[in-house]
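Read-outs: derived from the displayed coordinates by stated rules, not from any lab. No experiment lies behind these values; they were computed from the predicted model shown. Neighbour counts run over all protein chains shown; Cβ positions are idealised from the backbone, glycine included.
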Amino acid sequence: MDVVEAITSRHSVRAFLPRPVPRETVERIIEVAARAPSSGNIQPWKVHVMAGETKDRFSQAILEAREVEDHLYVAEYQDYPNEWREPYDSRRRTVGKLLYGAIGIPKGDREAMWKQFGRNYTFFDAPVGLLFTIDRDMGVGSWFDVGMFIQNVMLLARAEGLDTCAQGAFALYHKIARKVVGVSELEIVMCGMSLGYADPEAPENNFPTERVPLEEFATFSGF
Ligand SMILES: Cc1cc2nc3c(=O)[nH]c(=O)nc-3n(C[C@H](O)[C@H](O)[C@H](O)COP(=O)(O)O)c2cc1C
């Protein structure tokens, strides 16, 4: 698979088949992904890979926590601005409408949305779940490096016939990640990721997302 095909065929998959992914495949993906560049070659990424019983225990613990005392769980970093503004507000609303429209959740049906969001925590039934972390004493520049590593994982997954969904949703439940998966107090949970074989029939896997035209985000000079 060439790099253009890997990039353009990648999309967030939110329904997976039960078909397992061998540990060796995941090892191959993350080993090659670690060819990502990093400032000073410090390679600040860390990844916790789970499957089977560990993944199930992690999912179960989060699903229970969000029903009982969800207010106790907050991310250790700010992912969104304090106040939304354009053009970003419209973009996130658009993708939300596309997703909930595809699966038939009407606008304002909070209960159905809460339930659908909860599917994040079973990794959308993917056989493999990953948690990406970074040591908390690293600078903001190192977060770029980890982002590049994460993107590599998603593209290499495509080359193996696999799909992914990056999931900031897991950052909220870092306390549970520490308890169940053994993530150290020295690490910040950046995001999770589902990895597996996509269910091609699922409506949540079958809506295209938009991108703004080049002129809106790029400037060229001196050509
Ligand atoms: C860092 C990051 C965190 C994300 N968190 C979630 C998440 O928690 N749940 C989810 O369903 N999608 C999540 N996404 C997927 C985005 O919604 C998705 O990438 C975006 O809508 C563009 O769609 P595409 O990935 O299909 O191109 C996340 C993506 C990124 C890069």
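Among the residues of region 159-177, the one identified as more than 20 Å from PHE58 (Cα to Cα), within 15 Å of the ligand (Cβ to nearest atom) and either of a type outside the set (D, E, K, R) or surrounded by fewer than 21 Cβ atoms within 10 Å (Cβ to Cβ) (or both) is LEU162.
Within region 185-221, being under 16 Å from VAL47 (Cα atoms) and out of contact with any strand residue (DSSP E or B) (no Cβ under 8 Å at 6 or more places or on another chain) holds for one residue alone: GLU185.
Across region 1-27, the number of residues qualifying as touching a Cys at 6+ places or on another chain (Cβ under 7 Å) and not in a loop (DSSP other than H, G, I, E, B) comes to 1. Criterion first (in a loop (DSSP other than H, G, I, E, B), within 11 Å of the ligand (Cβ to nearest atom) and not charged (D, E, K, R)) does THR209 satisfy it? Here the answer is yes, as THR209 does meet what is asked. Can we say GLY129 is buried (at least 20 other Cβ atoms within 10 Å of the Cβ), within 13 Å of the ligand (Cβ to nearest atom), within 15 Å of the chain's Cα centre (by Cα) and among the small types (Gly, Ala, Ser)? Taking the combined requirement at face value, the residue satisfies it. Within region 139-153, is even one residue away from the ligand (no atom under 12 Å from the Cβ) and more than 29 Å from VAL4 (Cβ to Cβ)? Yes, some residue in region 139-153 is away from the ligand (no atom under 12 Å from the Cβ) and more than 29 Å from VAL4 (Cβ to Cβ).
Take the conditions away from the ligand (no atom under 13 Å from the Cβ), of a type in the set (Asp, Glu) and surrounded by 12 or more Cβ atoms within 10 Å (Cβ to Cβ) and apply them to ASP109. Does it pass? In short, yes.
Would you check if GLU31 is under 19 Å from the mean Cα position of the chain (by Cα) and surrounded by fewer than 17 Cβ atoms within 10 Å (Cβ to Cβ)? Judged against the criteria, GLU31 is a match.
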